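The values are calculated or read from the model by the stated rules, or taken from the named source; none is laboratory data. Bear in mind the structure is a predicted one, so any value in this text is a computation, not a measurement. As a convention, Cβ positions derive from the backbone with ideal geometry for all residues, glycine included, and neighbour counts pool all protein chains shown. All accessible areas refer to the heavy atoms of the entire protein, side chains included, with ligands and DNA or RNA removed. Shrake-Rupley method; radii C 1.70, N 1.55, O 1.52, S 1.80 Å.
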Amino acid sequence: MAGESSRRPRFAVLGAGMAGILAAIKLREAGHRDVVIYEKADRPGGTWRENTYPGLTCDVPSHTYSYVFEPNPEWSQQLAPGPEIQAYLEGIVGKYDLDVLIRYGQEVVRCSRDDGRWQLETRSGLRDQADFVIAATGVLHHPRYPDIEGLESFEGACFHTARWDHGVPLDGRRVGVVGNGSTGVQLVCALAGRASRLFQFQRTAQWIMPARNRAYSEEEKASFRADPELPRRKLASGASGALFERFNNAIVEPDSADMKEMQRIVLENLEQSVTDPVLREKLRPDYMVMCKRLVYSPDYYRAIQHPDAELVTGGIERVEPRGVRTHDGRLIELDVLALATGFRVDQFMRPIRITGRGGVDLEDFWAVRPRAYLSISMPDFPNFFMLNGPNGPVGNLSLIEVAERQWEYIETLIGLVLSGRAREVCVSREAMQAFDQDRIDAAKRTVWATGCSSWYLDAEGIPASWPWTYQRFQEEMRAPRLEAYELVG
Ligand code: NAP
């Protein structure tokens with residue numbers, strides 16, 4: 001924007017979820033007045049708005065799942081229920097008066113670089129221009145529906161867990177749950193004892209990490225109010241800090257002692273919690289712990305052993321009007337079928353049609369896999385930055401903390417433009433290519449590549465997440481290495 005200093009820079013943020021809210025607060029705090037957030041829905045909250053299934057809980061400690069500048073002493077439990085997180089985010093939007101910035105019900109469908117600015121268009125035809133775009137559209141966003149024959153023929157209620165139909169009664173009904181990732185496990189815990197019969201259709205067994213989730217006492221909350229930093233300090237120094245370290249190391253070193261310890265914990269959990277040897281074998285995975293996204297649960301094994309619950313491992317042949325037919329010919333009759341089948345994690349800000357400098361199309365740039373330098377910047381997409389973009393740390397981490405660190409880094413890049421040092425900034429093609437190669441090489445050595453299938457793997461079977469330690473991510477986020485960037489103008 002050198003030479004255009006008379007005009008205030010305009011920022012367009014895509015998405016009013018946790019990351020978009022963060023960006024807007026930080027931009028305002030830096031004195032920027034021309035900020036708009038485009039949000040396709042009619043409320044903020046992102047994934048916490050869209051997921052409302054029974055049992056929804058954050059499996060990251062509540063006190064790390066909040067902005068560092070907005071600690072929340074009121075979290076009711078060690079692991080916050082989804083509605084509390086949604087209320088927290090809506091409270092922040094209110095406190096910072098962000099509603100005035102958010103264009104609700106406006107889904108951006110096009111974003112193209114033209115005349116040195118980003119030209120945006122929404123589904124309803126609204127047009128806008130921005131100097132900077134911050135894509136904060138989330139990772140776990142687009143439901144993945146299973147390709148099961150006859151699904152549409154089911155005569156009961158059937159929906160994806162991210163599209164929960166609260167009009168459908170569950171108590172005393174026959175309920176089926178397809179999937180046993182974090183979502184399916186939480187759902188089964190919530191429905192065991194409520195449904196007259198509960199069937200969980202498991203395709204691949206999951207390791208279950210025991211977790212504690214007790215309620216905070218009034219005394220504890222009072223101490224958190226008096227010293228808002230206290231819970232984070234406790235978490236960092238206590239058992240959960242140690243577990244975080246171990247977890248981190250085990251991902252990048254599958255042969256390490258930390259990995260053996262993780263394996264020991266989940267194995268002991270299975271052996272000690274499941275009494276029926278037949279069920280125990282059905283629940284025993286045949287791959288390394290953490291190869292799939294680790295499922296934390298205080299009560300899954302108890303729930304699946306409930307007298308009204310049944311783990312079905314025979315495989316789904318098809319869905320019929322009355323229920324699910326398994327490969328062995330059994331028809332399991334159901335009133336409700338919940339699809340806990342995960343998300344299309346390769347979408348990010350798509351289906352927005354994004355065209356960068358010189359007409360470079362995001363679809364071409366991402367033809368093989370979604371990629372971004374340090375998860376933030378892409379060549380030929382100048383002044384376009386992502387929060388929680390591809391190849392960043394995901395998994396059992398607080399994505400709020402990840403976004404906060406990414407934001408500090410993005411602020412420095414924006415500063416290069418605002419100070420007049422450059423008109424446009426994005427990673428160079430060479431740096432992108434070198435990063436990609438290093439990342440892929442490292443990803444192949446992680447636990448995610450040790451022989452299971454999971455949403456961490458891209459279409460070519462390469463783990464898509466950050467393949468180094470979390471410490472390395474923190475170091476990278478301290479300041480951009482400017483030699484990796486192309487500064488134009
Ligand atoms: P997921 O981990 O991708 O699990 C999908 C499940 O559906 C798997 O068990 C999968 O089986 C099964 N499945 C998919 N297609 C199927 C088919 N055609 N037939 C039978 N089974 C099928 O999805 P998720 O549980 O929704 O979790 C996604 C991510 O969301 C988590 O990993 C986590 O990052 C996040 N999440 C977080 C929390 C939290 O507490 N923070 C809570 C919920 C979700 P296979 O294993 O055989 O593929």
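Which of the residues that make up segment 111-124 are among the basic types (Lys, Arg) and under 20 Å from PRO379 (Cβ atoms)? Listed by number, the residues that qualify are ARG113, ARG117.
Table: residues versus (1) charged (D, E, K, R); (2) over 24 Å from the mean Cα position of the chain (by Cα); (3) not in a helix (DSSP H, G or I).
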| position | (1), (2), (3) |
| --- | --- |
| PHE224 | no, yes, no |
| ARG233 | yes, yes, no |
| ALA236 | no, no, no |
| ALA242 | no, no, no |
| ASN249 | no, no, no |
| ASP258 | yes, yes, no |
| ARG264 | yes, yes, no |
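Could you list, in sequence order, the residues of segment 100-139 that are more than 16 Å from the ligand (Cβ to nearest atom), touching a residue at least 12 places away in the same chain (Cβ under 8 Å), outside any strand (DSSP E or B) and not basic (Lys, Arg)? LEU101, GLY105, GLN106, GLU107, GLY116, SER124, LEU126, ASP131, ALA136 - these are the residues of segment 100-139 that are more than 16 Å from the ligand (Cβ to nearest atom), touching a residue at least 12 places away in the same chain (Cβ under 8 Å), outside any strand (DSSP E or B) and not basic (Lys, Arg). Within segment 191-204, restricting attention to residues that are open to solvent by 10 Å² or more (accessible area, probe 1.4 Å) and either of a type in the set (S, T, N, Q) or in a loop (DSSP other than H, G, I, E, B) (or both), the residue that is farthest from the ligand (Cβ to nearest atom) is SER196.
Could you grab me the full set of residues in segment 205-221 that are of a type in the set (A, V, I, L, M, F, W, C) and either more than 14 Å from the ligand (Cβ to nearest atom) or modelled with pLDDT under 95 (or both)? Those that are of a type in the set (A, V, I, L, M, F, W, C) and either more than 14 Å from the ligand (Cβ to nearest atom) or modelled with pLDDT under 95 (or both): ALA211, ALA215. Being open to solvent by 30 Å² or more (accessible area, probe 1.4 Å), in the same structural domain as ASN396 (by TED's automatic domain parsing) and within 28 Å of VAL345 (Cβ to Cβ) holds for only one residue in THR122, THR137, and it is THR137. Among the residues of segment 176-190, the one identified as more than 11 Å from the ligand (Cβ to nearest atom) and surrounded by fewer than 21 Cβ atoms within 10 Å (Cβ to Cβ) is ALA190. Among the residues of segment 42-61, those that are open to solvent by less than 30 Å² (accessible area, probe 1.4 Å), more than 11 Å from the ligand (Cβ to nearest atom) and either in the same structural domain as THR183 (by TED's automatic domain parsing) or under 18 Å from the mean Cα position of the chain (by Cα) (or both) comprise PRO44, GLY45, GLY46.
When segment 311-321 is filtered for residues that are buried (at least 16 other Cβ atoms within 10 Å of the Cβ) and either under 17 Å from GLY156 (Cβ atoms) or not assigned by TED's automatic domain parsing to the domain that holds ARG174 (or both), the ones remaining, listed by number, are VAL312, ILE316, VAL319, GLU320. The strands (runs of 3 or more DSSP E) located wholly in segment 276-330 that include 1 or more residues which are in contact with a Lys or Arg (Cβ under 8 Å, 6 or more places away or on another chain) and either within 14 Å of the ligand (Cβ to nearest atom) or modelled with pLDDT of 95 or more (or both) occupy 309-312, 316-320, 323-326. Can you tell me which residues in segment 140-174 are open to solvent by less than 20 Å² (accessible area, probe 1.4 Å) and either away from the ligand (no atom under 16 Å from the Cβ) or of a type in the set (Ser, Thr, Tyr) (or both)? Listed by number, the residues that qualify are THR161, LEU170. All of ASP335, ASP346 fail the test of being open to solvent by 30 Å² or more (accessible area, probe 1.4 Å) and closer than 30 Å to LEU243 by Cβ, apart from ASP346. Got at least one residue in segment 33-40 being touching a strand residue (DSSP E or B) at 6+ places or on another chain (Cβ under 9 Å), more than 18 Å from ARG127 (Cβ to Cβ) and either assigned by TED's automatic domain parsing to the domain that holds PRO382 or at pLDDT below 95 (or both)? No, because not a single residue in segment 33-40 is touching a strand residue (DSSP E or B) at 6+ places or on another chain (Cβ under 9 Å), more than 18 Å from ARG127 (Cβ to Cβ) and either assigned by TED's automatic domain parsing to the domain that holds PRO382 or at pLDDT below 95 (or both). Scanning segment 396-432 for residues that are surrounded by 21 or more Cβ atoms within 10 Å (Cβ to Cβ) and under 25 Å from TRP48 (Cα atoms) returns LEU399, ILE400, VAL402, ALA403, GLN406, TRP407, ILE410. Each residue in segment 432-464 was checked for being in contact with a Lys or Arg (Cβ under 9 Å, 6 or more places away or on another chain) and within 16 Å of the ligand (Cβ to nearest atom), and 10 of them qualify. Taken together, the criteria place ILE85 among residues that are open to solvent by less than 60 Å² (accessible area, probe 1.4 Å), within 16 Å of the ligand (Cβ to nearest atom), modelled with pLDDT of 95 or more and under 18 Å from the mean Cα position of the chain (by Cα).
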